[in-house]
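For reference, the structure discussed in these notes is given below.
Every read-out reported here was derived from the displayed coordinates using simple, explicitly stated rules and does not represent laboratory data. Everything quoted here is computed from the prediction, not taken from an experiment. A quick note on method: Cβ atoms are made from the backbone with ideal geometry, for glycine too, and the neighbour counts reach across all protein chains shown.
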Amino acid sequence: MAAEPLVLGFDTSAAHCAAALLRGDVVLASRLEEMTRGQAERLMPLLEEVLSEGGAAWADLDAIGVGIGPGNFTGIRIAVSAARGLALGLEVPAVGVDGFEARAADGSLPAVPAPRDQVYAALPGQAPRLMPRQEAAEAARGAGLAFAPEASPPGIAEAIARIAAARFETVTEPPAPLYLRAADAAPSSDVPPALIDE
């Protein structure tokens, strides 16, 4: 009988660096470190620590799962870039998992905190969008759903790994960031359009 797939899931879309290693349904190792900055420097060492704690090596992985947002622009890019690079180097699939699905729970409205008293929310039957927190809370109540958005839910990396484990055999596209709002910083008008990162 073939061994259950070994999947590494991670996320840096909010003020955290989170990673989890799963073999089938079993969490071998998991970490969530809250941090407002420094995810770029911390992510790879954290992934190596989680692999070591789970008794695995990079070459043992069957797939990678990564949080693609919504959330912090820089944090999303850090994780998605790492996942794409690792997938190429290890020749394993990388699965992008959005924050709504990773946070989904029975009876709750999937929502991700955003700046300025707003949330990214996935209201039933609607496309996810940025909206005032109070409006999302009222919509959740009206739909009979709980509303408790968390920037760094404890099981975020495990949820990402579980979803990736269920999809990695059929994924065909590399993960891409999910942005639901424009960047806070606009590019300078002096920069030629060809040099602006879309």
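Let me make sure I get this right: for the chain, a, b and c are the square roots of the gyration tensor eigenvalues over alpha carbons, sorted descending. Under 1.5 in a/c it's rounded, otherwise prolate if a/b > b/c, else oblate. Which is it? It would help to have the intermediate numbers written out before the result.
Values: a/c = 1.85, a/b = 1.24, b/c = 1.49.
It comes out oblate by the Cα gyration axes.
What share of all Cα pairs of the stretch 1-104, in percent, falls into each consecutive 5 Å distance bin?
Computed distribution, short to long bins: 2, 14, 25, 27, 20, 9, 2, 1, 0.
Could you grab the relative contact order for the chain? Cα pairs under 8 Å, six or more apart, rounded to a whole percent.
Relative contact order, the chain: 25 percent.
Measure off 7 Å from each Cα along the Cα-to-Cβ vector at GLU4 and MET44, then give the distance between these two points in nanometres to one decimal.
3.1 nm
Take peptides 78-88, 142-152 and line them up by average Cβ neighbours within 10 Å, highest first, as a rough protection proxy.
Values: 78-88: 19.4, 142-152: 14.1.
Put in order of decreasing packing, that is 78-88, 142-152.
Rounded to whole Hz and in sequence order, give me ³J(HN,Hα) for the stretch 123-140 from the Karplus expression 6.51 cos²θ - 1.76 cosθ + 1.60, θ = phi - 60°, writing x for Gly and Pro.
The phi angles translate into 6, x, x, 10, 5, x, 7, 7, 8, x, 4, 4, 5, 5, 4, 5, 5, 4 Hz.
So, in nm, how far is label GLN134 from label SER81 when the simple model puts each one 7 Å beyond its Cα toward the Cβ?
Rounded to a tenth, the inter-label distance reads 3.9 nm.
Once amide H atoms are built 1.01 Å from N in the peptide plane, which residues 5 or more positions from ALA29, or in another chain, come under 5 Å H to H?
Placed amide hydrogens put LEU21 under 5 Å from ALA29.
Once the principal axes of the Cα atoms of the stretch 60-171 are found, what is the range along each, listed largest first in whole angstroms?
Per principal axis, max minus min of the Cα coordinates gives 46, 27, 24 Å.
Using label points projected 7 Å from each Cα along Cα→Cβ, tell me how many nm separate GLN126 and ARG167, to one decimal.
2.3 nm
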